[in-house]
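These notes concern the structure reproduced below.
A short reminder: the numbers here are calculations on the coordinates, not readings from a lab. Remember, predicted model here, so these are calculated numbers, not experimental data. We place every Cβ from the backbone using ideal geometry, glycine too, and count neighbours over all the protein chains shown.
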Amino acid sequence: MMNEALIQQIIFDALESLNTELPDDKQIAIGPDTPLFGSNAEIDSLSLVSLIVDVETALNGEHDLEISLTDDRAMTREISPFSDVRALKEYVLELIKEGSHGN
């Protein structure tokens, strides 16, 4: 069963993977409030896309959840589900609870 802690760990793992590709002076501090998108984001848009792909891959491949995080609903929200780790975790939980798998 997918729970908040597991989803957060998937996101943290994706951020850690991203950190392995970044120089030491560009490392991301990883936590629930880590900004992912917007003016205080510590990562650029290409890194955000990589992060989203890594999270989707983990959800799909390791947990058999076919979820698309970049559907129209995600893009039209007043508060982006990509603003920080907590928002992304909550959005994944919402998609799982609704059974909405991007279809």
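Assorted remarks:
- Ser47 crowded, with 18+ Cβ neighbours inside 10 Å and more than 14 Å from Lys89 (Cα to Cα): yes
- Long-range neighbours under 6 Å by Cβ, at least six apart or interchain, first residue closer than 17 Å to Glu4 by Cα within the range 63-74, second in a helix (DSSP H, G or I): Leu65/Leu59; Ile67/Leu59; Ile67/Leu95; Leu69/Ile52; Leu69/Glu56
- Count of the range 1-29 residues, restricted to those that are crowded, with 17+ Cβ neighbours inside 10 Å and touching a residue at least 40 places away in the same chain (Cβ under 8 Å), is 6.
- Of Thr70, Thr57, all but one fail to be hydroxyl-bearing (Ser, Thr, Tyr), within 12 Å of Leu88 (Cα to Cα) and surrounded by 12 or more Cβ atoms within 10 Å (Cβ to Cβ); the exception is Thr70.
- Selection from the range 75-85 of residues that are in contact with a helix residue (DSSP H, G or I) (Cβ under 9 Å, 6 or more places away or on another chain) and touching a residue at least 24 places away in the same chain (Cβ under 8 Å): Ser80, Phe82, Val85
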